[in-house]
Structure formats: structure tokens, C-alpha cells
1. If the requirement is being in contact (Cβ under 8 Å) with a residue 12 or more places away in the chain and within 10 Å of the ligand (Cβ to nearest atom), which of these qualifies: E84, E39, E95, E88?
2. Return yes or no: is S45 more than 22 Å from D2 (Cβ to Cβ) and either hydrophobic (A, V, I, L, M, F, W, C) or within 12 Å of the ligand (Cβ to nearest atom) (or both)?
3. Out of the residues in region 56-78 meeting the condition of being farther than 18 Å from Q6 by Cα and touching a Phe, Trp or Tyr at 6+ places or on another chain (Cβ under 6 Å), tell me which one is farthest from the ligand (Cβ to nearest atom).
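Laboratory data are not the source of any read-out in this text; all were calculated from the coordinates shown. The shown structure was predicted, so the numbers you read here are calculated from the model rather than taken from an experiment. We place every Cβ from the backbone using ideal geometry, glycine too, and count neighbours over all the protein chains shown.
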Amino acid sequence: MDALQQELQTLDYPADWQFKIACSPLLWDRVQRKSDHPEALFAISELKHRVTFLNAAVFRESRYVYRRAMKHELGHIRCGCKSEDEAEKWARKLERQTMAKR
Ligand SMILES: [Zn+2]
């Protein structure tokens, strides 16, 4: 998935972090049901197993949408928590940093 690789160059994910992409709605459905994030649309991270599941559908959205989703997941990794508020705080912080670099 080229788009994913490209974003990873600028997003500071841990080197050993894994990504798994659910290529079909059916697979995503399965990922959602196994996780404790049944409402997550595009991405779910399992901090314990150091893996983020991505719904392939997110890459059909605009770049802003999937970048934002990846930043949000990175937020979970950074805070080491499942709190949506904390993850969003990190995502917004990363957003400001990328803006400043431009
Ligand atoms: Zn989240």
C-alpha cells in the first residue's frame, strides 16, 4: 500500500510497529468485532500486540482523512492508553507540528 508507506515516512511510528490492512468490508467487520472498538470506522490499534489495523477504505478517502486517522492511532501509541480524548489531543498536537514545518 503506497499511500501507507508514504505517510509512515513523516509519521513517527515506532520502528517495530506493525500494520495490517483489512482489504474488504467483511474483513474490517471481523477486526471490529474482535476488538473493543466496535464503532471505529477506519483504524484500530492493539497496543499490547503493537499492531494497528487499517480499513483499506480509509485510503479511498481524502489524504487528510487517512492522515488524521493515522495520527489518532499514533496518539494512542504515544499516550499508551485507549482514551479517545487523549489520542485526539495527540493528533491535534501532531497536526500543529506538521503545519509549522510547512
Ligand atoms: Zn481511538
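1. Testing whether each residue is in contact (Cβ under 8 Å) with a residue 12 or more places away in the chain and within 10 Å of the ligand (Cβ to nearest atom) leaves just E88.
2. Working: more than 22 Å from D2 (Cβ to Cβ): no; either hydrophobic (A, V, I, L, M, F, W, C) or within 12 Å of the ligand (Cβ to nearest atom) (or both): yes.
No, not satisfied.
3. Narrowing region 56-78 to residues farther than 18 Å from Q6 by Cα: 75-78.
Filter once more, so that each one left must be touching a Phe, Trp or Tyr at 6+ places or on another chain (Cβ under 6 Å): 75, 78.
Numbers: G75: 7, R78: 12 Å.
Of everything passing the filter in region 56-78, R78 is farthest from the ligand (Cβ to nearest atom).
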